[in-house]
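A short worksheet on the structure shown next.
The values are calculated or read from the model by the stated rules, or taken from the named source; none is laboratory data. All values derive from a computational prediction rather than experimental measurement. Here the Cβ positions follow ideal geometry from the backbone for every residue, glycine too, while neighbour counts run over all protein chains shown. Quick note on the areas: whole protein, heavy atoms, side chains included, nothing else; ligands and nucleic acids left out. Shrake-Rupley method; radii C 1.70, N 1.55, O 1.52, S 1.80 Å.
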Amino acid sequence: MALTNRDASIILGMVARGDKRHDIAAWYGENQARIAEVEQGDYGNLTAASAGDLPPKGAPGPKGRRLRSKVVKAVEALESSDSATALKLLKDGLADFAKHES
């Protein structure tokens, strides 16, 4: 997958925030060499994205697994007509996903 200038700007923001290079690469399904290329200016003279435009800090894999688990439980709750529980599970899952992790 080719990185866009917007991706590169977000990557620079993540680098500036102090994210681990392998976590940044994982967010984009790339290897760390692509992150190094962005840092070296291979995508031009870009500015780092603002903190509000960055994904949550931490590896996406564990976040995705936790979110998937909550979504599965929410679907089960919806199938049993328990929409309040399903809504809570989905909101909790999104909140967990958005947390910064080191």
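Data for the structure
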quantity: For Glu76, net neighbour charge (Lys/Arg +1, Asp/Glu -1) across residues whose Cβ lies under 14 Å away; calculated: +2
quantity: Share of carbon and sulfur in the accessible heavy-atom surface of segment 41-82 [1.4 Å probe, %]; calculated: 52 percent
quantity: Cβ-based net charge around Gly44, under 14 Å, with every Lys or Arg adding one and every Asp or Glu removing one; calculated: -3
quantity: Surface accessible to a 1.4 Å probe, per residue, for the residues of the chain, Å²; calculated: 61 Å²
quantity: Candidate values [x] 16, 51, 29, 3; [y] 16, 47, 27, 8, 2, 0; [z] 16, 38, 24, 16, 6, 0, label of the one derived for P(r) over Cα pairs in 10 Å bins from 0, in percent; calculated: [z]
quantity: Rounded to the nearest 20 debye, dipole of the chain from Cβ charges on Lys, Arg, Asp, Glu; calculated: 320 debye
quantity: Relative contact order (%) - the chain, alpha-carbon pairs under 8 angstrom, separation at least six; calculated: 28 percent
quantity: GluC sites (Glu not before Pro) within segment 66-102: DSSP coil, no more than 15 neighbouring Cβ in 10 Å; calculated: Glu101
quantity: In the chain, lysine pairs closer than 16 Å at Cα, eight or more apart or cross-chain; calculated: 13
quantity: Within-14-Å neighbourhood charge of Ile35 [Cβ basis; K, R +1; D, E -1]; calculated: -3
quantity: Distant alpha-carbon pairs in segment 1-58 (separation over 18 angstrom), percent; calculated: 19 percent
